[in-house]
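Q: Here you go, one structure.
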Amino acid sequence: MINNNGARASSSSSVQRLTSGLAVLLLMLCTACTTNPHPAVPEAQRNVEVDYDYILAPGDAVSIFVWGNEELSSNGTVRPDGKLTTHLVEDLQAAGKTSTQLARDIEVAYSEYVRQPVVSVIVSGFVGIPDQTVRVVGEATSPTRVPYKKYMTLLDLMITVNGLTEYADGNNSVLVRMVDGQQVTYSLRLDDLLKDGDITANVSIMPGDILIVAESWF
């Protein structure tokens, strides 16, 4: 016959085992949730200098200057169809070209009306084509698409989107990048970079990168 003290002791022991088991399970779940399964950005891609020419995109604002013919100079915006209208030429293809290429095309078009025109095109507002932008989604304060800038780093990008929300799991976030024609996903340490100031967590950003800021489970 088991007395009441024995029953209470047995019950207490069972509760302790159950509590211990739940604690271990919770720890395992937390570890699984906070462990980024993707590889870190390799050293060869951590500090990369990308040499590229900016390509005009729909929505870009441009200023066209015609030397010696100020009346032909104008400001405009590349239309959604990628074309641009100037004082003398309608529906001139602009998207997909550099500002220098567009200037040469305008010179050819203007040569029918002006002797040896000299044209400069200045880009004053940038939107960028998808391959030359960086997209930030998820738990960033201001998720958006950002035109790539030469020498851009992860820290620069975080400043542009105003950092992370209170619900972000920075160290479980990922960077998606095209490498040799293949989409590769790398782990990031945003919390280490932004909260702890660990500059070793900073990496170079490349045109076309996608940053996915994870949401914390807790």
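Q: Evaluate the following for Gly138: is it touching a residue at least 24 places away in the same chain (Cβ under 8 Å), within 27 Å of Ile210 (Cβ to Cβ), surrounded by 17 or more Cβ atoms within 10 Å (Cβ to Cβ) and touching a Lys or Arg at 6+ places or on another chain (Cβ under 9 Å)?
A: no
Q: Select from region 96-126 the residues that are part of a helix (DSSP H, G or I), under 19 Å from Arg79 (Cβ atoms) and of a type in the set (D, E, K, R) and list them in ascending order.
A: Asp105
Q: Something else: Here are Asp156, Asp198: which of them is touching an Asp or Glu at 6+ places or on another chain (Cβ under 7 Å), among the charged types (D, E, K, R) and surrounded by fewer than 17 Cβ atoms within 10 Å (Cβ to Cβ)?
A: Only one candidate qualifies: Asp198.
Q: Continuing with this model, one more query. So in region 68-77, with the set limited to residues that are within 17 Å of Val123 (Cα to Cα) and polar (S, T, N, Q), which one is farthest from the chain's Cα centre (by Cα)?
A: Ser73
Q: Just checking, which of Val136, Val89, Val119, Val66 is of a type in the set (Val, Ile, Thr), in contact with a helix residue (DSSP H, G or I) (Cβ under 9 Å, 6 or more places away or on another chain) and modelled with pLDDT under 95?
A: One residue alone meets the criteria, Val89.
Q: I've got another one for you. Kindly indicate the residue of region 78-101 that is among the β-branched types (Val, Ile, Thr) and under 24 Å from the mean Cα position of the chain (by Cα) and also nearest to Val121 (Cα to Cα) among those meeting that condition.
A: So, considering only residues that are among the β-branched types (Val, Ile, Thr) and under 24 Å from the mean Cα position of the chain (by Cα), the one nearest to Val121 (Cα to Cα) is Thr98.
Q: Failed condition for Asp131, given (1) under 15 Å from the mean Cα position of the chain (by Cα); (2) not in a helix (DSSP H, G or I), with all others met?
A: For Asp131, the failing item is (2).
Q: Looking only at strands (runs of 3 or more DSSP E) that lie completely in region 165-217, which have at least 3 residues being more than 14 Å from Pro37 (Cα to Cα), β-branched (Val, Ile, Thr) and without any contact (Cβ under 8 Å) to a residue 12 or more places away in the chain?
A: Once the strands (runs of 3 or more DSSP E) in region 165-217 are filtered for at least 3 residues that are more than 14 Å from Pro37 (Cα to Cα), β-branched (Val, Ile, Thr) and without any contact (Cβ under 8 Å) to a residue 12 or more places away in the chain, nothing remains.
The values are calculated or read from the model by the stated rules, or taken from the named source; none is laboratory data. Keep in mind that what you see is a predicted model, and the values were worked out from it rather than measured. Every residue, glycine as well, gets a Cβ built from its backbone with ideal geometry; the counts of neighbours run over all protein chains shown.
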